[in-house]
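The values are calculated or read from the model by the stated rules, or taken from the named source; none is laboratory data. Not measured: the values here are computed from a predicted model. Here the Cβ positions follow ideal geometry from the backbone for every residue, glycine too, while neighbour counts run over all protein chains shown.
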Amino acid sequence: MRGRTPGEGHGSPRALASLSPRLAEICGDEAVITDPMELRTYECDGLTAYRCSPGLVVLPATAAQVAAIVRACAAAGVPFVARGSGTGLSGGALPRADGVLIVTARMRAIIEIDPASRRAIVEPGVTNLAVSKAAQPYGLFYAPDPSSQQICSIGGNVAENSGGAHCLKHGFTVHHVTGLEIVTPDGELTWLGDGTGTAPGYDLLGAFTGSEGTLGIATKIVVRLTAIPQAVTTLLAAFETTGHGGAAVSAIIGAGILPGAIEMMDALSIEAAEAAVRCRYPEGAGAVLIVELDGPDADVRAETAAVRRLCEQAGAFEIREAADPAERAAIWTGRRSAFAAVGRISPAYIVQDGVVPRTALPEVLDRISALSAKAGIRVANVFHAGDGNLHPLVLFDDASPEQSAAAEELSGAILDECIARGGSITGEHGVGVDKSRYMPRMFGADDLDTMQLLRCAFDPAGLCNPGKVFPTPRLCGEVPGVRRGPHPLVASGRAEIL
Amino acid sequence: MPLAADSVPGPLSLACADVRPAAEADSVAGVAPRFVATPADAEQASALLRAAAGLGMSVLPRGTGSRLHWGYPPASCDLLLQTARMDRVVEHAAGDLVATVQAGVRLDRLAEVLGAAGQRLALDPPGGGTVGGVLATAAAGPLRLRYGTPRDLLIGITVVRADGTIARSGGKVVKNVAGYDIGKLFAGSRGTLGLITQATFRLHPLPAGTAYVTAECAAAVDASAVIAKAMTSQASPVAAEIDWPAANCPVRACVALEGDPSSVAERAIALTSLLEPGAAASVHAGPPPWWGAGPAAQRDGTVLQIGFWPGDLGAALASIRAAAEAAGLDPAVGGSGAAGVLHAALPADADPGAAASFVAALRDAIGHAGPAGPGRAPRPAARANVVVLHAPSEVTALTDMFGPVAAVALMRAVKYQFDPAGTMAPGRFAGGI
């Protein structure tokens, strides 16, 4: 329907109530949740600072059911939000009290694996790690590997364009999705792309991936699988300061080496990880670097030797190399546990997800340190050193209003530093509700307006995950510019009446 | 209001100094534009587009024109908008492996600039072109197997919309999920959504060593086996191409390896041993003469692009030959077999009716399926497509160049939002866009 403002849901309690029996018809009674206590269990995703109990929850089992649910919502003018595993860190799956939460947890089938084509077709509720596990017998894996990969869903990965530690070399979700069956916001099933990467027409697949659930709901995903590298080396290097670690990173990249992953942790995050999982990183380290090299045997051997040398030259006082998969997992445990681990050394924390150009890392880390000291708020730093994606963990006591305010302000200041250096407010967690207010700092009004043209094309009624990503919705009924005569597509004879 | 044949309208000259009446050589697919403008920067391009919109003029962007004949002839072409003066490498941040480039920069010039620092934009489309043109046509070459197509390397874009609005998306960093990715939307959009003025790409280091393993096979099935073996071995190819100039010629395969020089040498030798029983393979320091020069590079005549799932390479080759034979044709066939892309080229004088039936028969054989009825999705197995990249007008008049396009209604809705007056490259694209 034209002319509605996206974000204004029309979900009245009556409309919701009328939907409930309709959804039960579509999916069965047991798939619809109306009990308030049960609804509360869906009130937030991984970003627990934002909570809102959904009006209704429904758990469809098939794509056809998802389409019927969305059609019913559209007919009733009720907004809807999709949720995978609920591990998102920007509130993208934050429900609406006047809306329906469509949970894909029951859609967990791996429909097909085609090893010769290096493709798999999966349902949106399949976990990220499950895809790699299913592909492993064929010598293949699914490359994007967020830290939450044991739980996070592929559908959620598509919504957020998730990355992970190995994305610098291997790419993000958008590089590994070759086809999507989606339910459009008016309840139609359609395919974007066909698994080839050369499907005719616009690359709506590329635009949909990373659109944070605002342009429709993915119901089948055709993923690209990657050959498991012949060799993998994992190194842990300890430095006195993050400055030394940063210099090592620059030297490695400058030598023309593209590691599978380079991660850095500072002293505070190491302390937290040690307390949580006893990762036993080298004592006294002001920073540790985890460098993973993958590829053909001989290349990995040559690169490993080079990386060791460069780390030593940059001042590494200890370098460990994993001798087997168990040691490799042990090195990664500390890094993967970091976010949860800081919960042990601080009552509350804000996870940031800013990005700066890699060459600006040392400067930004110094700035964060200075800002942190000035505000009296501790910051633990964990980051994807290879691509400049920082995760400053701003630690504070949420029982204290002063600390809460200071932490919030510090977070904003850190993002401003990122923007000022040509970076981004979010490298992988998404904008969601959490960062929409920062969007105007990174983009101009015309930029945001242009992006929202997409929203108007897919969801003119503004019912699909409204209120996320953009702080100010765009009016969709407007027609910029003067239109003369019949619609050009009709006039050309190539289209039906529009 | 009709204008004198060669007088540039006032609003256009006000917007940009470099506007002139079009000449014979400016024709696009046989359609003559009225005026040609060459803005110096995005602001001038914006002013031009705003002026053109006010005059109700249709606009067609042009780089070097190497792929300007792709698609249907334009329904209308009042203003040809050239990017030739927007040709600066704005920034090469070598330490970050990122470069920001204006749309008029030619790929070969960019390669020189980046190569001086030991880096590259990992794109090798046959026929070169400008950054803007390669993005707008999603052109790619053998390296697509490892590095993808232009949209996979793009991290930021600046565009000018039909109404003159300048807009940016993405940025200068590889990790960035803030907002929608308008760059992906513009990639392959053939000028129908607006003008690309600037793009930021992620770069890769130039390889220290390279080698090419070539094999000549009696039959297509043997060449497919070569490709399949290379992809499942530890050779780790960055490219794997097929070349089959005519039905009764041998089918050639070539696999490109990159990396540490001694590793590359080792892997090349191991690969030739692996291929041994089925095909006589040899190792070379450089690519074969046909590399990057196959049917995809043919500028005239009819060129088809066939997309398929990589495991179906053998079937795709067989289907192409069978459909061609049924139409009495013998196209040159070749392409990035391992990546699921092949091209078939017919000469300029091929019979148009035969060409049209070749396309239709191939679509049938390969399963380029039609769109579903309302409320039903196509089965997930519409897993191949045939697109006619370019053809003489006698052929395009008889052929559906793009075939069935799923989500065409959504595409039209997107087009309508970006260009409600339909002035950008009208009638050239899929779905009547």
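Against the condition part of a helix (DSSP H, G or I), crowded, with 16+ Cβ neighbours inside 10 Å and among the charged types (D, E, K, R), how does A:Arg301 come out, does it pass? Break it down into steps so the answer makes sense when it comes.
Values: part of a helix (DSSP H, G or I): yes; crowded, with 16+ Cβ neighbours inside 10 Å: yes; among the charged types (D, E, K, R): yes.
Considered against the rule, which asks whether it is part of a helix (DSSP H, G or I), crowded, with 16+ Cβ neighbours inside 10 Å and among the charged types (D, E, K, R), A:Arg301 comes out as yes.
Do we have any residue at all in the range A:442-465 that's of a type in the set (Lys, Arg) and either assigned to a loop (DSSP other than H, G, I, E, B) or modelled with pLDDT under 95 (or both)?
Within the range A:442-465, not a single residue is of a type in the set (Lys, Arg) and either assigned to a loop (DSSP other than H, G, I, E, B) or modelled with pLDDT under 95 (or both).
Is it the case, given these coordinates, that A:Thr196 is within 27 Å of A:Ala116 (Cβ to Cβ), of a type outside the set (A, V, I, L, M) and under 21 Å from the mean Cα position of the chain (by Cα)?
No, not satisfied.
Quick grid of which residues meet (1) in the same structural domain as B:Val388 (by TED's automatic domain parsing); (2) farther than 24 Å from B:Gly171 by Cβ; (3) surrounded by 23 or more Cβ atoms within 10 Å (Cβ to Cβ):
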position: B:Val31; (1), (2), (3): no, yes, no
position: B:Val36; (1), (2), (3): no, yes, no
position: B:Ala45; (1), (2), (3): no, no, yes
position: B:Leu55; (1), (2), (3): no, yes, no
position: B:Tyr72; (1), (2), (3): no, yes, yes
position: B:Ala75; (1), (2), (3): no, yes, no
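Residue under question is A:Ala340, and the condition is that it be surrounded by fewer than 18 Cβ atoms within 10 Å (Cβ to Cβ) and either over 26 Å from A:Met442 (Cβ atoms) or aliphatic (A, V, I, L, M) (or both); does it hold?
It is true that A:Ala340 is surrounded by fewer than 18 Cβ atoms within 10 Å (Cβ to Cβ) and either over 26 Å from A:Met442 (Cβ atoms) or aliphatic (A, V, I, L, M) (or both).
Surrounded by fewer than 24 Cβ atoms within 10 Å (Cβ to Cβ) and over 25 Å from the mean Cα position of the chain (by Cα): does that describe A:Ala255?
yes
Given the residues A:Glu363, A:Glu327, which is the only one that is over 25 Å from the mean Cα position of the chain (by Cα), closer than 16 Å to A:Leu236 by Cβ and either touching a residue at least 12 places away in the same chain (Cβ under 8 Å) or surrounded by fewer than 18 Cβ atoms within 10 Å (Cβ to Cβ) (or both)?
A:Glu327
Looking at (1) of a type outside the set (Gly, Ala, Ser); (2) more than 26 Å from B:Gly148 (Cβ to Cβ); (3) surrounded by 18 or more Cβ atoms within 10 Å (Cβ to Cβ), which is the one condition that is false for B:Arg267?
Result: B:Arg267 fails condition (2) only.
When you go through A:Ile350, A:Ile319 one by one, which is the residue that is of a type in the set (A, V, I, L, M) and assigned by TED's automatic domain parsing to the domain that holds A:Ile252?
Residue meeting the stated conditions: A:Ile319.
If I go through the range B:188-201 residue by residue, how many of them are more than 8 Å from chain A (Cβ to nearest Cβ) and at positive phi?
3
Pick from the range B:421-431 the residues that are among the small types (Gly, Ala, Ser) and surrounded by 24 or more Cβ atoms within 10 Å (Cβ to Cβ): which of them is farthest from the other protein chains (Cβ to nearest Cβ)?
B:Ala425
Quick check on the range B:58-99: of everything there that is of a type in the set (D, E, K, R) and not in a strand (DSSP E or B), which residue is modelled with the lowest pLDDT?
Among those that are of a type in the set (D, E, K, R) and not in a strand (DSSP E or B), it is B:Asp96.
Before we move on, is B:Ala384 free of Cβ contacts under 8 Å to residues at least 40 places away in the same chain and farther than 19 Å from B:Ala162 by Cβ?
Working: free of Cβ contacts under 8 Å to residues at least 40 places away in the same chain: no; farther than 19 Å from B:Ala162 by Cβ: yes.
Criteria not met by B:Ala384.
So, in the range B:95-137, of the ones that are of a type in the set (Val, Ile, Thr) and surrounded by fewer than 23 Cβ atoms within 10 Å (Cβ to Cβ), which residue ends up nearest to B:Thr197 (Cα to Cα)? Talk me through it step by step, then tell me what you get.
Keep residues of the range B:95-137 that are of a type in the set (Val, Ile, Thr), which gives B:98, B:100-101, B:105, B:113, B:130-131, B:134, B:137.
Now restrict to residues that are surrounded by fewer than 23 Cβ atoms within 10 Å (Cβ to Cβ): B:100, B:113.
Details: B:Thr100: 11, B:Val113: 19 Å.
The extreme case among them is B:Thr100.
Within the range A:230-248, does at least one residue satisfy the condition of being within 8 Å of another protein chain (Cβ to nearest Cβ) and within 20 Å of A:Ile368 (Cα to Cα)?
no
Does A:His384 satisfy the condition of being facing chain B (nearest Cβ under 9 Å), in contact (Cβ under 8 Å) with a residue 40 or more places away in the chain and closer than 23 Å to A:Pro347 by Cα?
So A:His384 fails the test.
Considering only the range A:119-135, state which residues are in a strand (DSSP E or B) and not hydroxyl-bearing (Ser, Thr, Tyr).
As a first pass, look at the range A:119-135 and keep what is in a strand (DSSP E or B): A:119-122, A:127.
Within the range A:119-135, A:Arg119, A:Ala120, A:Ile121, A:Val122 qualify.
Being within 12 Å of chain A (Cβ to nearest Cβ) and free of Cβ contacts under 8 Å to residues at least 60 places away in the same chain is the filter here, so list the residues in the range B:226-257 that pass it. If you could, list the steps in order and put the result at the bottom.
So the first thing to find is which residues in the range B:226-257 are within 12 Å of chain A (Cβ to nearest Cβ), and the list is B:227-238, B:257.
Scanning the range B:226-257 gives B:Lys229, B:Thr232, B:Ser233, B:Gln234, B:Ala235, B:Ser236, B:Leu257.
Scanning the range A:71-128 for residues that are of a type in the set (Ser, Thr, Tyr) and within 13 Å of another protein chain (Cβ to nearest Cβ), which turns out surrounded by the fewest Cβ atoms within 10 Å (Cβ to Cβ)? Full working, then the answer.
Just the residues of the range A:71-128 that are of a type in the set (Ser, Thr, Tyr), to begin with: A:85, A:87, A:90, A:104, A:117, A:127.
Add one more test, that the residue is within 13 Å of another protein chain (Cβ to nearest Cβ), and what stays is A:90, A:117.
On the way: A:Ser90: 27, A:Ser117: 21.
That would be A:Ser117.
From the list A:Gly195, A:Gly206, A:Gly171, A:Gly179, which residue is facing chain B (nearest Cβ under 9 Å), over 21 Å from A:Ala461 (Cα atoms) and in contact (Cβ under 8 Å) with a residue 60 or more places away in the chain?
One residue alone meets the criteria, A:Gly195.
How many residues are in a strand (DSSP E or B), more than 9 Å from chain A (Cβ to nearest Cβ) and either under 25 Å from B:Ala47 (Cβ atoms) or without any contact (Cβ under 8 Å) to a residue 40 or more places away in the chain (or both) if we restrict to the range B:137-187?
Counting residues in the range B:137-187 that are in a strand (DSSP E or B), more than 9 Å from chain A (Cβ to nearest Cβ) and either under 25 Å from B:Ala47 (Cβ atoms) or without any contact (Cβ under 8 Å) to a residue 40 or more places away in the chain (or both) gives 4.
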